[in-house]
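Please treat every number below as a calculation from the coordinates, not as lab data. Predicted, not measured: the structure shown is a model, and the values here were computed from it. Reconstructed Cβ throughout: ideal geometry from the backbone, glycine too, with neighbour counts over all protein chains shown.
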Amino acid sequence: MSGSIDPRELLADPAQAGAYFIDARDARALADAAAELEFAVARVDFAGCADKDDALARIAAGLRFPAWFGHNWDALNDCVNDLSWWPAPGYLLLIEHAGPWQAEHGEDAATLVEILNDAAQDWAKSRIAFWALLPLPQAELEQMAP
C-alpha cells in the first residue's frame, strides 16, 4: 500500500469497496483504519479450513450470523446483504490464511469472492462500505497477477 494513501479515506468510499486479495503486510493497517472509522471488523481465520462447509461456518461465526443461517451459498448471500444484527457505518471482513483453501477449492473460492463482491455493490447503493479482504503473502499475491 502506498504511503500517500490514507487507508481510512479508501475504506470510507463505498464505491471502491469489494472483495480483494491484498498484501498480508497491509492487513493490520486496514483493520486499524476500519476500527477508527467505527466499522464492524470481522477477522476470519481460514488456516486449516477443510471445505466449503467449514468456510461458511467460519464466516458465519466471524460476522455473527443469526442461528437461522442456512450454511449454503444462498444463505451467505442473504446474510452478507443484511447484517441488521450488527449495525455499523461500514464493514470489513478479513479472511486470513485463505491461500491454501483457495488453491484447493478454486471453484468455491471464486463463488465466495463473487458473493462478497456483489454484497459490496449492494451495500454501496445505501452508501455503506462493505470490504472483504483476503490477505496473502507477497509471493502468493504476485503469482495471481496476470
Quickly estimate the mean residue ellipticity at 222 nm for the chain, helices only: each DSSP H run with n ≥ 4 gives -39500 (n - 2.57), and the total goes over all residues, rounded to 500. -13500 deg cm²/dmol
5 Å is the cut-off here: which amide hydrogens, built 1.01 Å from N in the peptide plane, fall below it relative to residue 133, excluding neighbours closer than 5 in sequence? 20, 93, 94, 95
Putting +1 on Lys and Arg Cβ atoms and -1 on Asp and Glu Cβ atoms, find which of 109, 135, 99 reaches farthest to the positive end of the dipole of the stretch 98-146. 135
3J(HN,Hα) from dihedral phi, the stretch 117-132, Karplus parametrisation 6.51/-1.76/1.60, rounded to Hz, x for glycine, proline: 5, 4, 4, 4, 5, 5, 4, 4, 4, 9, 6, 10, 7, 10, 10, 10
Residue-by-residue Karplus 3J(HN,Hα) for the stretch 42-55, coefficients 6.51, -1.76, 1.60, Hz, glycine and proline x: 10, 9, 10, 9, 8, 4, x, 4, 7, 6, 4, 4, 5, 4
